[in-house]
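Student: What follows is a single structure, and I will ask about it in a moment.
Nothing in this text is a laboratory measurement; each read-out follows from the coordinates by a stated rule. Quick caveat, the model's predicted, so the values are computed rather than measured. Using ideal geometry, Cβ is built from the backbone for each residue, glycine included, and neighbour counts are taken over all protein chains shown.
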């Protein structure tokens, strides 16, 4: 019943998202739409709504995987340097092959994100003080270092503005033909469901995993591959969306517990719903202009993150 309620909310918000925009299109007169209205719906509105849903699902699942692997509720793409690594990968593409297609940006972003994720886990494993708050703080510092490197090279090559424009989370530029790479998130969700229990086990440590007969390194690298590929695809297509992978898994955990296989559908659907709500608010608050969704999610996510920190403390 709970999952059905979430699905109904997702469908309602998706339909609402399709009919919000500068060009007024009425759902009542759907059979009398002109070619122009059908064109707007199929080229702009529908791809944008699908991208919102897939992004919400992808980032939320990535946050859930990272929290399970590290056994830390405050580890996410925002607090582990993952988003910053994706930025650095995109910057490398802009420097070396500036006119490249999205697939090259995805490859560069994935390679650097995957490497940064491995480095972060190495750092986390080497820290003796395993405080639930200390690990994400180290991750924020790690992300800050990567972001500083990105800013330095962007300044050196005089593309600071290009990098800033590219990486602000924004769905206004989503059109048919330039967002399809984000469909990578779907098989990753399926893969996460089948490996849910194994991701939980490797979070207990290498020795514990080996005692249960698991190949610790293989499962760890599989989880990092899922996270890196999803975040890279989203960063290349949309930009960066902060805090989403942190707050949604935590809220679902508070409501439904920590069974990864059981909470995975709730996490995925809730992430999509949250992102749709933020996007709709951003489009209406200063209509006919819109606030980039990265700012909306960052504001709400920052407040929720602070509440979670104080609650854990």
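Student: Springs between alpha-carbon pairs under 10 angstrom, Gaussian network model over the chain: which of 73, 87, 23 fluctuates most?
Tutor: Highest fluctuation among the options: 23.
Student: Another one. Sort 220, 255 so the one with the fewest other Cβ atoms within 10 Å of its own Cβ comes first.
Tutor: Fewest to most other Cβ atoms nearby, the residues stand as 255, 220.
Student: Ranked highest first by the average count of other Cβ atoms within 10 Å around their residues, in what order do 274-281, 224-231, 89-96 fall?
Tutor: 224-231, 274-281, 89-96
Student: Calculate the FRET efficiency for residue 2 and residue 148 from the Cβ-Cβ distance with a Förster distance of 35 Å, rounded to the nearest 0.05.
Tutor: Efficiency, rounded to the nearest 0.05: 0.20.
Student: Now for a different question. Of the listed peptides 262-268, 42-48, 244-250, 6-12, what is their order by residue-averaged count of other C-beta atoms within 10 Å, with the highest listed first?
Tutor: Listed from highest to lowest mean packing, they are 244-250, 262-268, 42-48, 6-12.
Student: Can I ask one more? As an exercise, take the mean of 1/r over every pair of distinct alpha carbons in the chain, invert it, and state the Kirkwood radius in angstroms.
Tutor: That comes to 20.0 Å for the chain.
Student: A further question follows. Using bins 10 angstrom wide from zero, how does P(r) for the stretch 42-98 break down, in % of all Cα pairs?
Tutor: Taking every Cα pair in the stretch 42-98, the percentages come to 21, 31, 34, 14, 0.
Student: Which Rg and Dmax, in Å, describe the Cα atoms of the stretch 52-140?
Tutor: For the stretch 52-140, the Cα-based Rg and Dmax read 14.4, 46 Å.
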